[in-house]
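Student: Take this structure, written in structure tokens, and hold onto it; I'll ask about it next.
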Amino acid sequence: MTSVLERFLRYVQIDTQSDPNSESFPSTAKQLNLSNQLVVELQELGVTDAHVDEHGYVYATIPSNSEKTDIPVICFCSHVDTSPDVSGAYVKPIVHHNWDGSDIILPDDTNQVLRIGELHDLDQQIGNDIVTASGTTLLGADNKAGVAEIMAAAEYLMANPAVKHGDIKILFTPDEEVGRGTEKVDLIKLGADYGYTVDGEAIGTLEDETFSADGVKITIHGVSTHPGYAIGKLENALKIAADILAALPKGSLSPESTEDKQGFIHPVQMEGIQEKATLSFIIRDFTVSGLHEKEALLKQITDEVLTNYPGSSAEFKVQEQYRNMKEILDQHPQVIEHALNAMKMAGLDPILRSIRGGTDGSRLSFMGLPCPNIFAGEHAFHSRLEWVSVQDMEKAVEVIVNLCKVWERSHFND
């Protein structure tokens with residue numbers, strides 16, 4: 001048997017960073033390097049239908065070995081890509097065995113230090129084995145921890161036929177980090193009734209609620225003229241954009257000033273010239289009404305700023321991104337109940353909580369595959385301080401296997 005750690009260390013050294021500016025799908029061809037390797041490994045385990053489709057999705061089936069019929073088909077899903085925010089090339093993973101709680105100084109950039117009190121949940125890991133990168137890249141635990149855990153669980157199920165289960169589907173997606181992870185997934189081909197993304201943080205957590213999310217793009221049309229003869233004429237689109245940003249609430253409604261169930265208005269890009277400029281925002285809230293309130297406020301700010309520029313105008317466009325998956329999951333309580341039971345079987349005290357973000361499961365749920373998010377153990381993702389605990393990854397594997405058992409045992413119709 002290949003340990004989950006062995007798999008993880010191998011996977012993180014494959015650069016799979018996605019690119020938000022690419023128009024191809026997947027956004028980077030290098031993601032296929034890992035996807036193709038996963039298919040080879042699944043086939044070596046005896047998963048005969050494992051393959052990569054033309055869009056870079058990995059599909060695979062672990063066939064039922066139960067005498068029961070009509071057991072719901074469940075799917076486990078993780079994404080192969082890593083965030084564009086920090087380099088994912090030439091990752092050098094380091095295992096800090098039996099960590100004693102002292103500062104972990106990353107050797108390739110000694111300014112990068114993991115300290116208790118500065119990183120959430122790190123204080124719970126004393127005595128465990130911590131995996132980090134070397135200081136110049138992210139680690140890739142988001143989401144290669146989940147990939148490794150699903151693969152380790154697949155190996156266990158294939159090697160232990162005494163563990164009864166229904167059909168188990170495996171789905172590895174590209175481009176989750178750039179918001180396109182489910183764009184071309186084929187749910188009919190997948191053939192699952194319920195799913196679980198394995199892309200969560202702290203051990204024992206089960207996330208059944210996400211932000212609802214919209215994007216807003218404001219296109220500003222200023223009045224351009226030669227700057228040497230601009231008096232009383234020029235209305236600089238870049239300055240109008242800056243005024244809109246300056247008019248945003250101070251100390252509230254921003255990522256840096258909100259927590260828990262509070263939403264925000266977050267500018268993510270500004271570009272342009274004096275004649276035309278664009279501002280891009282992400283709007284987040286746990287309710288659709290909260291989204292609409294924030295969008296109305298941003299529109300009001302834009303309109304008020306434009307009163308100072310009578311020759312200028314702006315287009316205000318809202319694009320739906322994803323919605324709170326709790327709307328769907330509340331209609332399928334067994335999906336949550338079985339996951340909580342699987343965690344209890346592993347000796348964990350489950351924690352049901354919300355995500356201040358989104359997952360592939362958000363979109364999959366609204367596409368017809370109810371899909372909460374199970375912990376993978378990844379922490380400080382999208383940063384050079386990213387880390388994961390080996391023991392947490394091992395528990396995630398146990399929970400995945402337990403879920404397969406729970407769904408089989410809970411089905412009583414022969």
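The values are calculated or read from the model by the stated rules, or taken from the named source; none is laboratory data. Keep in mind that this is a model prediction, so the values were computed, not measured. Every residue, glycine among them, receives a Cβ derived from its backbone with ideal geometry; neighbour counts consider all protein chains shown.
Student: Would you pick out the residues in region 207-245 that are of a type outside the set (Lys, Arg), assigned to a helix (DSSP H, G or I) and either under 30 Å from residue 259 (Cβ atoms) or at pLDDT 95 or above (or both)?
Tutor: Taking region 207-245 and keeping what is of a type outside the set (Lys, Arg), we get 207-216, 218-232, 234-238, 240-245.
With assigned to a helix (DSSP H, G or I) added as a condition, the list becomes 227-229, 237-238, 240-245.
The answer is 237, 238, 240, 241, 242, 243, 244, 245.
Student: Pairs please, first residue from region 248-261 and farther than 13 Å from residue 211 by Cβ and part of a helix (DSSP H, G or I), second anywhere and at pLDDT below 95 and of a type outside the set (Ser, Thr, Tyr), Cβ atoms under 6 Å, 6+ apart in sequence or on different chains.
Tutor: Going by the 6 Å Cβ cut-off, the qualifying pairs are 257/251.
Yes/no matrix, rows are residues, columns are (1) of a type in the set (A, V, I, L, M); (2) assigned to a loop (DSSP other than H, G, I, E, B); (3) at pLDDT 95 or above; (4) within 30 Å of residue 237 (Cα to Cα):
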residue: 327; (1), (2), (3), (4): no, no, no, no
residue: 338; (1), (2), (3), (4): no, no, yes, no
residue: 347; (1), (2), (3), (4): no, yes, yes, no
residue: 381; (1), (2), (3), (4): no, yes, no, no
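Student: I've got another one for you. Name every residue in region 349-377 that is at pLDDT below 95, surrounded by 24 or more Cβ atoms within 10 Å (Cβ to Cβ) and in a loop (DSSP other than H, G, I, E, B), in order of residue number.
Tutor: Result: 359, single match.
Student: When residue 203 is evaluated against the numbered criteria (1) crowded, with 19+ Cβ neighbours inside 10 Å; (2) in a strand (DSSP E or B), which criterion, by number, is the only one it fails?
Tutor: Going through (1) crowded, with 19+ Cβ neighbours inside 10 Å; (2) in a strand (DSSP E or B) one by one, residue 203 breaks only (2).
Student: Any residue in region 347-360 that is within 17 Å of residue 398 (Cα to Cα) sitting within a Cβ distance under 6 Å of a residue that is hydrophobic (A, V, I, L, M, F, W, C)? List the pairs, counting only those 6 or more apart or interchain.
Tutor: Sorted first by the residue in region 347-360, then by its partner, the pairs are 350/206; 350/340; 350/343.
Student: Sticking with this one: Quick check, is residue 62 out of contact with any Phe, Trp or Tyr (no Cβ under 6 Å at 6 or more places or on another chain), without any contact (Cβ under 8 Å) to a residue 60 or more places away in the chain and hydrophobic (A, V, I, L, M, F, W, C)?
Tutor: On the way: out of contact with any Phe, Trp or Tyr (no Cβ under 6 Å at 6 or more places or on another chain): yes; without any contact (Cβ under 8 Å) to a residue 60 or more places away in the chain: no; hydrophobic (A, V, I, L, M, F, W, C): yes.
So residue 62 does not fit the description; no.
Student: Please verify whether residue 35 is within 25 Å of residue 136 (Cα to Cα) and either at pLDDT below 95 or part of a loop (DSSP other than H, G, I, E, B) (or both), treating the condition exactly as stated. Break it down into steps so the answer makes sense when it comes.
Tutor: On the way: within 25 Å of residue 136 (Cα to Cα): yes; either at pLDDT below 95 or part of a loop (DSSP other than H, G, I, E, B) (or both): no.
Criteria not met by residue 35.
Quick grid of which residues meet (1) closer than 20 Å to residue 389 by Cα; (2) in the same structural domain as residue 43 (by TED's automatic domain parsing); (3) assigned to a loop (DSSP other than H, G, I, E, B):
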position: 107; (1), (2), (3): yes, yes, yes
position: 111; (1), (2), (3): no, yes, yes
position: 127; (1), (2), (3): yes, yes, yes
position: 131; (1), (2), (3): yes, yes, no
position: 153; (1), (2), (3): yes, yes, no
position: 162; (1), (2), (3): no, yes, yes
position: 171; (1), (2), (3): no, yes, no
position: 188; (1), (2), (3): no, yes, no
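Student: State whether one or more residues within region 355-368 are under 23 Å from residue 213 (Cα atoms) and among the β-branched types (Val, Ile, Thr).
Tutor: yes
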